[in-house]
1. Could you run through the stretch B:124-140 and say how many residues are assigned to a helix (DSSP H, G or I), closer than 17 Å to B:Q89 by Cβ and not aliphatic (A, V, I, L, M)?
2. Here are A:A166, A:A193: which of them is over 22 Å from B:H440 (Cβ atoms) and at pLDDT 85 or above?
3. Quick one: which of A:G94, A:G45, A:G84 is more than 30 Å from B:R337 (Cα to Cα) and either open to solvent by less than 10 Å² (accessible area, probe 1.4 Å) or not assigned by TED's automatic domain parsing to the domain that holds A:P211 (or both)?
4. Kindly establish whether B:A15 is of a type in the set (G, A, S), closer than 21 Å to B:A196 by Cβ, out of contact with any helix residue (DSSP H, G or I) (no Cβ under 8 Å at 6 or more places or on another chain) and at pLDDT below 85.
5. Being closer than 21 Å to A:Q151 by Cα and among the hydroxyl-bearing types (S, T, Y) is the filter here; which residues of the stretch A:178-218 pass it?
6. Identify the single condition in (1) more than 13 Å from chain A (Cβ to nearest Cβ); (2) surrounded by 14 or more Cβ atoms within 10 Å (Cβ to Cβ); (3) among the charged types (D, E, K, R) that B:E271 does not satisfy, given that it satisfies every other one.
7. Given the criteria under 17 Å from B:M390 (Cα atoms), of a type outside the set (A, V, I, L, M, F, W, C) and modelled with pLDDT under 90, does A:T223 qualify?
8. Please list, ordered by first then second residue, the pairs with beta carbon atoms under 7 Å, 6 or more apart or interchain, first in the stretch B:256-267 and farther than 10 Å from A:L21 by Cβ and outside any helix (DSSP H, G or I), second open to solvent by 20 Å² or more (accessible area, probe 1.4 Å) and among the charged types (D, E, K, R).
Amino acid sequence: MAADTQRLCIIDDDKDYGEFLADFLRSQGFDVDLFTSGADFIRDGTADRYDFFLIDLGLPGIDGVDLIILLRAKSRAGIIIISGRMGPDAFNSGLSAGADMFLNKPVRFDQVLQAIKTVSRRITTGDGGQTSWTLSVRASELKCSNGLAAQLTALELRMLQLLAEAGEGGIDRMSLSANVSIQETGSSRNLDAAVFRLRKKIEQATQRPAPIRTLHAIGYSITGQVSID
Amino acid sequence: MYNQVWMVHFWLLLAVASTIAALWLLTGKRSLKYWFLSDIVALASLTLFYNDPENRSIIHLIAFPLFSWLMIYLRLVAVAQQEFVQSIQRYAFGCAAGLIAIRLAIYPNVDSPSLLAANSFLFSILAIMMLVAILRNKEWGVTFGSILVMLSTFIYVLVSLFRGVSMIYGPTGIFMNTQTIYLSGSTGIIVTAVAAHLGFIIMVFEKMHRSQMLSVAQIAREAAGREQAEKRELEIQRVSEEQKALIEVLTHEVRQPLNNASAALQSITHELAVDKAPRHLEAVLRAQSVIENVSTALSNALIAATILERQQKFYPARCEPVAIAEIVALDFNSPDRKRIRIVAANAPLFITVDPILMRIALRNLFDNALRYGLADSEVLVEIYEDEARMGVVFNISNEETDPTWSDGVDIFARRVRGASPKISGSGMGLYIAAEIAKLHKGSLTTHVAGGHRVFCLFLGD
């Protein structure tokens, strides 16, 4: 099964569910601790001893999202949210805070195990926690914090540079296509095709989701941390 | 004598024309504009009418009836609805042509009584058209003003006809001499013109008053409508709040305990598997399956209820479609889970989706394929990138006894269920999956290939 040395922390105010899950994960070889509130966990002061966190969002006192932000500031451990909340806000806020995956309750224990495996695979291929990127203009490459890099053509480099300079606010389609000399006429999707190919290239080379976000009917923006070197 | 009558007529006409012009400037009404223009033409026509009969040229002979015709025609335009003017335009212009033809025919013998009578008849026809125009104009309606205009027009018709007849029998005939004809004609025209003007001004004021009343009523109606709409909005808001509260209850008070029950059953399952107690294990698995079916139905209902809200707040993220599909496969119990085979390229594949919605869409599609597929048959899930369409495709295929049952059926509509009555379900699963695809600017289609039903979920990147 998963690495039996992995130390896992469950923070869920639903004690019954937490205990059932803890028992199952222990049976799978994990070393598991359970906390029923964020305050208890913080008081314990043992955050750095865990390789993995399974966190509920609706915690009493310190909310799950705040707890993830605190954890992410000093830990590169895997974080999976297991929550009954279904709204788009829940998922978005959880992932923005720095979680690696979101599982919506009801969730089977096998699914938790599968999620741990997926996130572990990411962690073992380089960076734990949130991915950061460096755009090297001199080397014409986009380097991922996991050590892998994607080689870029002049057009791709220019495109990423423009996006990185524009920041999270993004850049509209017309400006982007004009600046990289891509012809956008009528229903042509030349820009979309270029971004699609760029994303694919980055993802295949770095094994990470490309840091480019589509702003529907507006343009594109950078997502996450991208610095220009 | 001519000069005195001319002066009276001229000043009277100038006075009413000025009144009409002032009213037109004040109100900007189209009808007043045409009536004023008609007065201007009438003034010109008047000058020609009182001209010395001995010194009339051919231009005078043609201009006079044309001016007179134009005067009546403009008044007709002033009081008629546009459609009516269009419909009688042909006849009105016919009259004008007739008038010119008569004048040319009698020249230089300007006193041909029969032709002059025909001239008067043509004017009568125009005046009758004006009468009909007022009667047909729904905007004016039958009011004191319109009755006055119609009456004066009617008198004008009578005067015209009288003049026509008297011209035949006048100077040499049994009725009157030329001067009497002129005097009677002029007096008739002056009286009817004054009455018509008075009636027209009253008509305009009556119409304005009616419009004002209507606009007051309209404002009152709009205010009432707004009030009603506000009430309706409040009611919708209240229902929406209740719906949200119900959703909250379903989410926290129902799904949470179901989740715990499922967790407890999973622990029991695990222990029973360790203890090798197959009979109990089967019963527990069945119980767990029931709980999960309830949970799925609940999730679908929640998504259906919040789908509009989700359209407003949609935060997709870059996710691994294969990882989501693998997790969805684990939503099912072991026997069904084993029937699902996921095939995907080794290269990492990412797509921008809302993973919660994606899990629900795939779960519904897998569930549908498992339920409607032949017992123990495989459900094949192929995930690949479609470069041409720039997105990711999930092909979910199963083997069905008769996959053609859905021919001509919109199986993605709400509450449309498969052919077999033995298979339970609410008919919402495929609808939810299709709606989720639409939310992602994608599509969900189905076709039959080699005896297999294939659901094709495309998500654009």
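1. Of the residues in that region, 1 qualify.
2. A:A166
3. Details: A:G94 fails: more than 30 Å from B:R337 (Cα to Cα); A:G84 fails: more than 30 Å from B:R337 (Cα to Cα).
Residue meeting the stated conditions: A:G45.
4. Values: of a type in the set (G, A, S): yes; closer than 21 Å to B:A196 by Cβ: yes; out of contact with any helix residue (DSSP H, G or I) (no Cβ under 8 Å at 6 or more places or on another chain): yes; at pLDDT below 85: yes.
It is true that B:A15 is of a type in the set (G, A, S), closer than 21 Å to B:A196 by Cβ, out of contact with any helix residue (DSSP H, G or I) (no Cβ under 8 Å at 6 or more places or on another chain) and at pLDDT below 85.
5. Once the filter is applied, which keeps residues that are closer than 21 Å to A:Q151 by Cα and among the hydroxyl-bearing types (S, T, Y), the stretch A:178-218 yields A:S181, A:T206.
6. The failed condition is (1).
7. On the way: under 17 Å from B:M390 (Cα atoms): no; of a type outside the set (A, V, I, L, M, F, W, C): yes; modelled with pLDDT under 90: yes.
Here the answer is no, as A:T223 does not meet what is asked.
8. Hits for this filter: zero, empty list.
The values are calculated or read from the model by the stated rules, or taken from the named source; none is laboratory data. If you're wondering where the values come from, they're calculated on a predicted model, not measured in any experiment. Ideal geometry is used to build each Cβ from the backbone, glycine not excepted, and the neighbour counts take in all protein chains shown. Side chains are part of the model used for accessible areas, which takes the heavy atoms of the whole protein and leaves out ligands, DNA and RNA. Shrake-Rupley method; radii C 1.70, N 1.55, O 1.52, S 1.80 Å.
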